[in-house]
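Below is one structure, written out as structure tokens; the observations come after it.
The values are calculated or read from the model by the stated rules, or taken from the named source; none is laboratory data. No experiment lies behind these values; they were computed from the predicted model shown. In this analysis, Cβ positions are derived from the backbone assuming ideal geometry, glycine residues included, and neighbour counts consider all displayed protein chains. Accessible surface areas use protein heavy atoms only, side chains included; no ligands, DNA or RNA. Shrake-Rupley method; radii C 1.70, N 1.55, O 1.52, S 1.80 Å.
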Amino acid sequence: MKLVFAGTPEVAVPALDALLASDRHEVAAVVTRPDAPAGRGRHLVASPVAERAEEAGIEVLKPARPRDEDFLARLREIAPDCCPVVAYGALLPRTALDVPARGWVNLHFSLLPAWRGAAPVQHAVMAGDEVTGAATFLIEEGLDSGPVYGVLTEEVRPTDTSGDLLTRLAFAGAGLLSATMDGIEDGTLHAVRQPAEGITLAPKITVEDAQVQWSAPALRVDRVVRGCTPAPGAWTVFRGERLKLIQAVPTLDRTDLAPGELSAGKNHVHVGTGSHAIELLWVQPQGKKPMRAADWARGVRIVPGELVGI
């Protein structure tokens, strides 16, 4: 089939690579979000998908909005048979959905209908799911509600951050998307409607969502830190400034600290929660680089009984 691939972040690159490597399909063009400011200089930078497509010598389309007529006209000229999608980042209007004869097929990082929305992997980690996965489905105008072509499952490991899990799903999902394109082409794969039961939503995790509530049990705190790593980053407040929490682990044998109470030794930093303590391993003070929590604690000279979160 002639394909137009739509995607933007690094997590979409493995799927693009898999389709470029296929001897059954031609990636005629790539659709991605416009260049965005990045780094300290806030210079405009192309998306990872755009950079990979340019390396491969493929036409790159960067519409400000997918409903722009210039973009739709070019898409019609290319006349793709199917448009595979991974984390494109913009809603597709009906005028775009109608262009490819076999539709737009999305690789979504959850076992639909669970975790429909922008942040399925983060929500799976924060909810304590033991198993998640990925699904390919035919895009329709509802939110991730289209019929499903194929799925794969992936264990959520006890120490997984959302970044760890998403990386594994990106590579496993690349194979699933490529196989889905094969099955659509040869007519052996047919989409099946999602069940009406088991629908959960996964909206974007905001900075406010990532603030740790120390009155919660340690298990919940651990899930928030892992689920918000690397983005948007779990955080708390210490002496009036934001402290980012990069890595932490529950400490089952310590229950003597009040919620938010700090206890620092030579090689450890513990914080009380609504149950047992959490040990901070890596933190990032406001305006500084990431550092070991014990090094941070020595530098700030924590006072006995001092709290975070206030």
Query raised in the report: In whole Hz, what ³J(HN,Hα) sequence does the stretch 302-309 give by Karplus (6.51, -1.76, 1.60; θ = phi - 60°), x for Gly and Pro?
Result: 4, 8, x, x, 5, 10, 10, x
Query raised in the report: Along the positive direction of the dipole of the stretch 186-281 (beta-carbon charges: Lys, Arg +1; Asp, Glu -1; about the Cα centre), which of Leu243, Leu189, Ala258 reaches farthest?
Result: Leu243
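Here are some pairs, Lys2/Lys204; Lys62/Lys244; Lys62/Lys288; Lys204/Lys288; Lys266/Lys289; which of them have Cα atoms lying more than 23 Å apart in this structure? Please report the intermediate quantities before stating the final value.
Numbers: Lys2/Lys204 32 Å; Lys62/Lys244 34 Å; Lys62/Lys288 35 Å; Lys204/Lys288 26 Å; Lys266/Lys289 21 Å.
The answer is Lys2/Lys204; Lys62/Lys244; Lys62/Lys288; Lys204/Lys288.
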Report summary line: By the C-alpha gyration tensor axes a ≥ b ≥ c (rounded if a/c is under 1.5, else prolate when a/b exceeds b/c, else oblate), the shape of the stretch 210-310 is rounded
Query raised in the report: In degrees from 0 to 90, rounded to the nearest 10, what is the angle of the helix 218-227 Cα long axis to the longest principal axis of the chain?
Result: 40 degrees
Requested in this report: Any chance you could look up the accessible area of Val300 with a 1.4 Å probe, heavy atoms only, rounded to 10 Å²?
Outcome: 40 Å²
Query raised in the report: How large is the dipole of the chain about the Cα centre if only Lys and Arg carry +1 and Asp and Glu carry -1, each at its Cβ, rounded to the nearest 20 debye?
Result: 1220 debye
Query raised in the report: Shape call for the stretch 35-118 from the C-alpha gyration tensor, a ≥ b ≥ c root eigenvalues: rounded (a/c under 1.5), prolate (a/b greater than b/c) or oblate?
Result: oblate
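Got a number for carbon plus sulfur as a percent of the chain's accessible area, 1.4 Å probe? Please report the intermediate quantities before stating the final value.
Working: 7880 of 14830 Å².
Taking all protein chains in place, the chain shows 53 percent carbon and sulfur surface.
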Query raised in the report: Only one of the listed values, (1) 65, 38, 30; (2) 73, 46, 34; (3) 69, 46, 30, was derived from the coordinates as Cα extents along the principal axes in Å; which label is it?
Result: (3)
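Sum -39500 (n - 2.57) across every DSSP H segment of at least 4 residues in the chain, then divide by the residue count to get the 222 nm mean residue ellipticity, nearest 500.
Details: 8 runs with 82 residues, N = 310.
The helix contribution divided over the chain gives -8000 deg cm²/dmol.
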Query raised in the report: Under 5 Å between amide H atoms, partner at least 5 residues away or on a different chain: which partners does Lys2 have, H built in plane at 1.01 Å?
Result: Glu26, Asp81, Cys82
